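In what follows, a single structure is set out as structure tokens and then discussed.
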Amino acid sequence: MKPVKRKFDAVIIGGGGAGLRAALQLSGSGLNVAVVSKVFPTRSHTVSAQGGITAALGNVTPDNWHWHMYDTVKGSDYLGDQDAIEFMCRHAAEAVIELEHMGLPFSRLDNGRIYQRPFGGQSMNYGGEQATRTCAAADRTGHALLHTLYQQNLRARTHFFDEYFALDLLRDADGYVLGVSALGIESGEALVIEARATLLATGGAGRIFRYSTNAHINTGDGLGMALRAGLALQDMEFWQFHPTGLPGSGSLISEGVRGEGGYLVNNQGERFMERYAPHAKDLASRDVVARAVALEIHAGRGCGPNGDVIHLKLDHLGAVLIKDKLPGIRELALRFAGVDPIDAPIPVVPTAHYMMGGIPTNLHGQVVMPARFGPEEPVPGLYAVGECACVSVHGANRLGGNSLLDLVVFGRAAGNHIIETLRDNPFPRVLPDNAAEAGLARLARWDQSGQGESVAEIRIALQTLMQTHCGVFRTEALLRDGLTQMDALETRLGAVRLTDTSRVFNTARIEALELENLFPVARATLVSALARTESRGAHAREDYPQRDDDHWLKHTLYSRDGDQIDTKPVRLKPLTVEPFLPKERTY
Amino acid sequence: MRFSIYRYDPEHDAQPRMQTYELDIEPAGNMLLDALLRIKDEQDSSLTLRRSCREGVCGSDGMNINGSNGLACITPLTGLKQPIAVRPLPGLPVIRDLVVDMTPLNQQYKSVEPWLNNADPAPEIERLQSPAQRAQLDGLVECIQCGCCSSACPSFWWNPDKFVGPAGLLAAYRYIADSRDQNTDARLDNLQDPYRLFRCHGIMNCVSVCPKGLNPTAAIGKIKTLLVKRST
Amino acid sequence: MSGALSNWLVQRISAVVLALYSLFFPAWLLFHWPHGWLDWRGLFAPLPMRIATLLFVLALALHAWVGMRDIFMDYVKPPGVRLALHVAALVWLASCVVWATAILWGQA
């Protein structure tokens, strides 16, 4: 049966913060935009972001975007591209103000301005005293942001394809991206969406790990699509482990808790971050704090009956502040850890949280690949923003509060670039008849029934493998062993069969398609981690404990074809200001 | 633990049925969603439900649990009477198993125009709002659109096409209560007919099931008060 | 003021009247405990008492009207049937009010 065909000016895959911000820009300019999302947009993972969105508004302490830029470059362990970082920090304030004008219910200061709280890695005067830079709506900033953007898109009459699972990019022989094939989850029927611009905003892939703060839906679907289209992924070895996830469930306990004055203690009752980061203490960068927590637990100074957690103490903040500024955290702690943070510390462990790497783009959100004329040639018709993309503003380690900012700044930038491009190129290219074939074939593969292993078994095996072989600390032996095991797992994946044959809302089939995306992302992570023989930001190699700027001040590019690793230089030159040259990173 | 779960696949079943599952799971520290996903992973991959954040903020897994609506991901197994009866949210068309068609809810949500309207030129900085004005939005902006409230409301069951329902009315009041919004009059006009607002008879089912502890009935009462004030 | 809002207001205000009378009447009864039919009639002899009671009956009828209209709007979809039920309810409630007036003033 031939799939139904729809035509739009632009198609956006993913209904989280990045996708919705870009969609709003496009709908607002009068273009016909479709947002394809495998969940109803407000179920996207942006909704779980807690602490806030960083912008140098200076509402609480003196501030300017230069300091924000310095902190972000330093936080990235000098791997971030400084042109993109300048672009993001320069536009941060206006992006946040714009959200406020849309109605985002920010918490407020007494003078009526947006409430800001201190976050990790923030400083005044290029490394001076702690800055207060993260704009917050209590501890539900992501929820407030996502709902506001969704509402604005309703107003702008964006077309939503809710509960449609994107399968593969459509390309012509010249490599132009011309849309996407998708599966209607409710109907079970395939759909071909033709568009003059295609934007990937599919979010992260934290579900490659067994313990992750990420939602079940974070399966790297856009990354799988990019790899299958022959594109490379950048810096995939850099995964942020958040220092404070709840053991077991993995739910995130916001950095905002430490921003409001909470701190970590070991089983001696010692505030151990004073040893690891004498100046910034608990508000050092996340990679630094996560490693410290892991080391404390490893050294036998963990808390709890098994000594496998660290305590996050905030009872000294008082009930009033906790209820006013951290109500969501209290709810999570009560529900998932059985403790009321007003009375007792919250048990936490480092938990996989954020993918700094992703689909390489320039600061207009255009996907870029090495080609004839240089390492960063735009792939015509294809854009990527948000966690699935790598512009790269986060480099080797993202600062808290910069991810929501990334979504809105680059979501808008990509939208603007698409508007211009479509205006200058009004004539669509012809979509080849067979453009959707690969995606539909993948779908048909899961129609084979019979006996075999289950999707769940393989998925859990993959997640366990990544957890044990590619965690906070890595070694060559561990990574190599992981790759060998992954080869075996991938063979087993070929023999997996579905028992659910219904077409209607077949979530078993969706989970199978998601697993097909998790695998290449996990493999990209292992191969890239093995290649980078240094420790930088979130990538900590026990066998190469030092940062090696001579050899590794560059981005990795992973291609699926032969597990190949290429590199490209870091863009050390900002747009207008002087570069921040790499130096030793201490907090 | 024993579970009795509503099953219906329109392709294979003429009638819905309740299916029993046994699962070896420690109730302490586990939520209903953990159990459902383990049943799906280990026993029956065809069991169909929505889930995303698994921590009570995305609103995907609203369902009827032992007769009361709630989110599976934040309903502890401890304290649930066995066999735990799990059904789809009532009053909405069932697509498959625990998955319902949320279209009526979404339509009503859209109908209240849940976005900020302010015709003044935007200032270069944020529109100022005092902490007290912002506090008016507490208990309104936390809604996650899970649908537990509206699908627990008999008035919404009978008139899902005409009655906005508690979720939509909460969203309507969220913008009425916002000091930055200038559209209160039009928002009140939009609700002033025999059905859209006034089908609420204040039975407060919405309040007792809301997984976020919100109070749509209070918000509805405030809208009615504003209508009275406006007409006198 | 729109029909919907006034209906709702009528329901609320009539509820207040009903509540007041329900508090007042048992007290009245307690102080003037009737020992026979004549006493019982005497209870309603003072004009203020008759007005209060008539108000109560009026409020009851209005309250019932809004309630019944709500029920018909919720459950009865065919417009013809609903209209017939509305008319029947109105006629019945109006006759109750007329009858109550007749009782209160007829014997005086």
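Residues are listed down the side, and each one gets a yes or a no for (1) assigned to a loop (DSSP other than H, G, I, E, B); (2) among the acidic types (Asp, Glu); (3) touching a strand residue (DSSP E or B) at 6+ places or on another chain (Cβ under 7 Å):
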{"site": "A:80", "(1), (2), (3)": "yes, no, no"}
{"site": "A:86", "(1), (2), (3)": "no, yes, no"}
{"site": "A:95", "(1), (2), (3)": "no, no, no"}
{"site": "A:98", "(1), (2), (3)": "no, yes, no"}
{"site": "A:111", "(1), (2), (3)": "yes, no, no"}
{"site": "A:119", "(1), (2), (3)": "yes, no, yes"}
{"site": "A:126", "(1), (2), (3)": "yes, no, no"}
{"site": "A:132", "(1), (2), (3)": "yes, no, yes"}
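Matching residues to (1) under 18 Å from the mean Cα position of the chain (by Cα); (2) crowded, with 23+ Cβ neighbours inside 10 Å; (3) of a type in the set (Val, Ile, Thr):
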residue: A:32; (1), (2), (3): no, no, no
residue: A:35; (1), (2), (3): no, yes, yes
residue: A:40; (1), (2), (3): no, no, no
residue: A:52; (1), (2), (3): yes, yes, no
residue: A:55; (1), (2), (3): no, yes, no
residue: A:69; (1), (2), (3): no, yes, no
residue: A:72; (1), (2), (3): yes, yes, yes
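Counting only residues that are in contact with a helix residue (DSSP H, G or I) (Cβ under 8 Å, 6 or more places away or on another chain) and not aliphatic (A, V, I, L, M), the range A:46-65 holds 7 of them.
Among the conditions (1) in contact with a Gly (Cβ under 7 Å, 6 or more places away or on another chain); (2) under 23 Å from residue B:133 (Cα atoms), residue B:157 misses just one, which is (2). When you look at residue A:499, is it surrounded by fewer than 20 Cβ atoms within 10 Å (Cβ to Cβ) and either under 22 Å from residue A:464 (Cβ atoms) or under 25 Å from the mean Cα position of the chain (by Cα) (or both), yes or no? No, not satisfied.
Go through A:553, A:515, A:572 for me and flag whichever is under 21 Å from residue A:232 (Cα atoms) and touching a Pro at 6+ places or on another chain (Cβ under 7 Å). Step through it out loud before you land on a result.
Values: A:515 fails: touching a Pro at 6+ places or on another chain (Cβ under 7 Å); A:572 fails: under 21 Å from residue A:232 (Cα atoms).
Exactly one of A:553, A:515, A:572 is under 21 Å from residue A:232 (Cα atoms) and touching a Pro at 6+ places or on another chain (Cβ under 7 Å), namely A:553.
Each residue in the range A:100-109 was checked for being open to solvent by less than 10 Å² (accessible area, probe 1.4 Å) and either more than 11 Å from chain B (Cβ to nearest Cβ) or not in a helix (DSSP H, G or I) (or both), and 4 of them qualify. Within the range B:88-103, the set of residues being open to solvent by 30 Å² or more (accessible area, probe 1.4 Å) and of a type outside the set (S, T, N, Q) comprises B:90, B:91, B:93, B:94, B:101.
Examine the range B:139-157 for a residue that is assigned to a strand (DSSP E or B), within 12 Å of another protein chain (Cβ to nearest Cβ) and either of a type in the set (Asp, Glu) or open to solvent by 40 Å² or more (accessible area, probe 1.4 Å) (or both), and state whether such a residue exists. Full working, then the answer.
Here is the first cut: in the range B:139-157, the residues assigned to a strand (DSSP E or B) are none.
No, the range B:139-157 contains no residue that is assigned to a strand (DSSP E or B), within 12 Å of another protein chain (Cβ to nearest Cβ) and either of a type in the set (Asp, Glu) or open to solvent by 40 Å² or more (accessible area, probe 1.4 Å) (or both).
Do we find that residue A:93 is within 11 Å of chain B (Cβ to nearest Cβ) and either among the charged types (D, E, K, R) or within 23 Å of the chain's Cα centre (by Cα) (or both) in this structure? Against the criterion (within 11 Å of chain B (Cβ to nearest Cβ) and either among the charged types (D, E, K, R) or within 23 Å of the chain's Cα centre (by Cα) (or both)), residue A:93 qualifies. The number of residues in the range B:104-135 that are more than 8 Å from chain A (Cβ to nearest Cβ), within 15 Å of residue B:187 (Cβ to Cβ) and open to solvent by 70 Å² or more (accessible area, probe 1.4 Å) comes to 1. Listed by position, the strands (runs of 3 or more DSSP E) inside the range A:250-364 whose residues that are in contact (Cβ under 8 Å) with a residue 40 or more places away in the chain and within 14 Å of chain B (Cβ to nearest Cβ) number at least 3 are A:346-355. Residues that are modelled with pLDDT of 95 or more and of a type in the set (Ser, Thr, Tyr) number at least 1 in the following helices (runs of 4 or more DSSP H) confined to the range A:471-561: A:476-494, A:507-531.
Taking the criterion of being of a type outside the set (A, V, I, L, M) and within 20 Å of residue A:213 (Cβ to Cβ), the residues of the range A:42-70 that qualify are A:42, A:43, A:44, A:45, A:46, A:48, A:50, A:51, A:52, A:54. Suppose the filter is open to solvent by 10 Å² or more (accessible area, probe 1.4 Å), away from every other protein chain (no Cβ under 14 Å), farther than 22 Å from residue A:350 by Cα and in a loop (DSSP other than H, G, I, E, B); does residue A:572 pass it? Judged against the criteria, residue A:572 is a match. Being within 14 Å of chain B (Cβ to nearest Cβ), assigned to a loop (DSSP other than H, G, I, E, B) and out of contact with any Ser or Thr (no Cβ under 7 Å at 6 or more places or on another chain) is the filter here; which residues of the range A:45-62 pass it? Those that are within 14 Å of chain B (Cβ to nearest Cβ), assigned to a loop (DSSP other than H, G, I, E, B) and out of contact with any Ser or Thr (no Cβ under 7 Å at 6 or more places or on another chain): A:55, A:56, A:57, A:58, A:59. Which one is least open to solvent (accessible area, probe 1.4 Å), of the residues in the range A:519-564 that are of a type in the set (Asp, Glu) and closer than 25 Å to residue A:225 by Cβ? Per the criteria, the residue is A:563.
One residue stands out among those in the range A:414-435 that are open to solvent by less than 10 Å² (accessible area, probe 1.4 Å) and of a type in the set (A, V, I, L, M): the one that is nearest to the chain's Cα centre (by Cα), which is A:414. The single condition from (1) more than 30 Å from residue A:278 (Cβ to Cβ); (2) among the aromatic types (Phe, Trp, Tyr); (3) under 21 Å from the mean Cα position of the chain (by Cα) that residue A:176 fails is (3).
The values are calculated or read from the model by the stated rules, or taken from the named source; none is laboratory data. Please read all numbers here as calculations on a predicted model, not as lab measurements. Note that we place each Cβ from the backbone using ideal geometry, even for glycine, and neighbour counts take in every protein chain shown. Ligands, DNA and RNA are stripped out before the accessible areas are found, and what is left, the full protein with its side chains, is counted by its heavy atoms. Shrake-Rupley method; radii C 1.70, N 1.55, O 1.52, S 1.80 Å.
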